[in-house]
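The values are calculated or read from the model by the stated rules, or taken from the named source; none is laboratory data. These numbers come from a predicted model, not from an experiment. Every residue, glycine as well, gets a Cβ built from its backbone with ideal geometry; the counts of neighbours run over all protein chains shown. Protein only, heavy atoms only, side chains kept; ligands, DNA and RNA dropped before computing areas. Shrake-Rupley method; radii C 1.70, N 1.55, O 1.52, S 1.80 Å.
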Amino acid sequence: MAGQTEIVLNAILTSIDRGELSPGEAIDENALIAQYEVSRTPLREALLRLEAMGLVTRPPRKGAVLFKPSFEEFLSILEVNAQLEGQAAGLAARRIGAEDGAALMQIVEACEVHARDKGDGDPNGYYTLNLAFHKQVAEAAGNPFLLDMIKMNGRKLIAYYRARYRNPGAIAESAREHRQIAELILAHKVDEARALMTEHVLFDRVTVTDLLAALG
């Protein structure tokens, strides 16, 4: 039973990460039961765990739906996420070694190549690179608990971060900032890396309003 719960849980998390589920979208419980050949009990257990994580809500007289933040909730989650990401960058600047540094710069260069060769095209492809950049920074911080917090908190806004790269110029701006952050990390400039990463992750209120509107 526990194994079946993990299978369904990981399947839903993967769908969130890939953008296959949108904020406010209903979880198709019958489809999951059929696809993964599980009973309703492990499915419900998985949904309860997702609800405890804040990734799923259960509106009255409805089934489980993917969490969709209000404007105020968006700003609050964003504020926390920016601080977590900033802390990760600061710790990475203190602790990063040669191997992690080389891996980080490889991702930075891939972001730059994408921005140069594709411009505003293929935002989903760029978002995959963006995730890799932030994951590498968080791993270089050397704190697995912080990494888990970033992943869990970030999933609540992942659809909106993905949508951000549909805006003209957003990919090029992101790639530039990735290099600046990486260079600060490699130079072991702790405070500067933390501050720039925090700023990099934050959106202004107008952008938040636009993203919420874009995803309905």
Under 5 Å between amide H atoms, partner at least 5 residues away or on a different chain: which partners does Val56 have, H built in plane at 1.01 Å? Glu51, Phe67
Accessible area per residue of the chain at 1.4 Å probe, in Å²? 51 Å²
Prolate/oblate/rounded call for the stretch 114-194, Cα gyration tensor, a/c under 1.5 rounded: oblate
Student exercise, the chain dipole from Lys, Arg, Asp, Glu Cβ charges, in Debye to nearest 20: 440 debye
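So, with a 1.4 angstrom probe, what is the percent of accessible area on the chain that is carbon and sulfur?
Carbon and sulfur: 52 percent of the exposed surface of the chain.
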Solvent-accessible area of Arg164 with every protein chain in place, 1.4 Å probe, in Å² to the nearest 10: 50 Å²
Using only Cα positions of the stretch 32-97, each an equal point scatterer, no hydration layer, compute I(q)/I(0) via Debye at q = 0.15, 0.18, 0.19, 0.20 Å⁻¹ and quote the log10 values to two decimals. -0.70, -0.81, -0.84, -0.87
Hz values of 3J(HN,Hα) by residue in the stretch 158-170 - Karplus curve (6.51, -1.76, 1.60), Gly and Pro given as x: 4, 5, 7, 4, 5, 5, 4, 7, 7, 6, x, x, 5
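By per-residue mean of other Cβ atoms within 10 Å, what is the highest-first order of 34-41, 143-150, 124-131?
124-131, 143-150, 34-41
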What angle, in degrees between 0 and 90 and rounded to the nearest 10, separates the Cα long axis of helix 190-201 from the longest principal axis of the Cα atoms of the chain? 50 degrees
Size of electric dipole in the stretch 152-201: Cβ of Lys, Arg +1 and of Asp, Glu -1, about Cα centre, debye, nearest 20: 360 debye
Could you give the spread of the C-alpha atoms of the stretch 97-138 along their three principal axes, from largest to smallest, in whole angstroms? 33, 16, 8
Three-way shape label, the stretch 76-117, alpha-carbon gyration tensor, a/c 1.5: oblate
Helix 123-140 versus the longest principal axis of the chain: what angle, 0 to 90°, nearest 10, using Cα atoms? 70 degrees
Residue-ordered couplings for the stretch 57-63, obtained by feeding phi - 60° into the Karplus form 6.51 cos²θ - 1.76 cosθ + 1.60 and rounding to whole Hz (Gly and Pro as x), are 10, 10, x, x, 6, 10, x
From most to least accessible, 1.4 Å probe, no ligand or DNA/RNA atoms counted, His134, His188 line up as His188, His134
For the chain, longest principal axis from Cα atoms; helix 144-155 axis from its Cα atoms; angle between them, nearest 10 degrees, is 70 degrees
In whole angstrom, how far apart do the alpha carbon centroids of the stretch 161-216 and the stretch 70-128 sit? 7 Å
Using only protein heavy atoms and a 1.4 Å probe, report how much of Leu202 is accessible, in Å² to the nearest 10. 80 Å²
Can you tell me which of Ala175, Ala46, Ala98 moves the most in a GNM of the chain? Springs connect C-alpha atoms under 10 Å apart. Ala98
Classify the stretch 70-166 as rounded, prolate or oblate from the Cα gyration tensor: take a ≥ b ≥ c as the square roots of its eigenvalues, call it rounded if a/c is under 1.5, otherwise prolate when a/b beats b/c and oblate if not. oblate
Per principal axis, descending, Cα span of the chain in whole Å: 52, 35, 32
Just how much of Met53 is accessible, in Å², when a 1.4 Å probe is used and the result is rounded to the nearest 10? 50 Å²
